[in-house]
Amino acid sequence: MSNKVAAEKLIAILVRQGAELDSYLLDIRSGCSESDFDKYRKIIGTIMGSMLVDGINILSDEFPDLKPEGLDILVGKEKTW
């Protein structure tokens, strides 16, 4: 498997996992206390931030054509476009 194919597969996994985490928050919102929901939201925010900064951004720097549509947020980096 080429490096680009491996990067493409990992980006797809990270995007799917991000969608699953979003869905999870929607599912638990009505059944949790506000403080519990905030706790879970912060945990998931940390995970998703890491997936973006430490995963998708790094791979997109190497292979710009693999950057998922709509992900123009580069945390901790200056926009170059």
Considering residues that are surrounded by 11 or more Cβ atoms within 10 Å (Cβ to Cβ), among the small types (Gly, Ala, Ser) and free of Cβ contacts under 8 Å to residues at least 40 places away in the same chain, the number found within the stretch 27-55 is 3
With the first residue restricted to the stretch 1-26 and required to be of a type in the set (D, E, K, R), and the second required to be in a helix (DSSP H, G or I), Cβ contacts under 7 Å at 6 or more apart or on different chains are Glu8/Leu66
Counting only residues in the stretch 1-26 that are farther than 22 Å from Ile58 by Cβ and among the hydrophobic types (A, V, I, L, M, F, W, C), the one surrounded by the most Cβ atoms within 10 Å (Cβ to Cβ) is identified as Leu25
Within the stretch 1-41, of all residues that are farther than 28 Å from Leu66 by Cα and among the basic types (Lys, Arg), the one farthest from the chain's Cα centre (by Cα) is Arg29
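No value in this document is a laboratory result; all are computed from the given coordinates. What you are looking at is a predicted structure, and each value in this text was computed from that prediction instead of being measured. Heads up, the Cβs are rebuilt from the backbone with ideal geometry, glycines too, and the neighbour counts pull from every protein chain shown.
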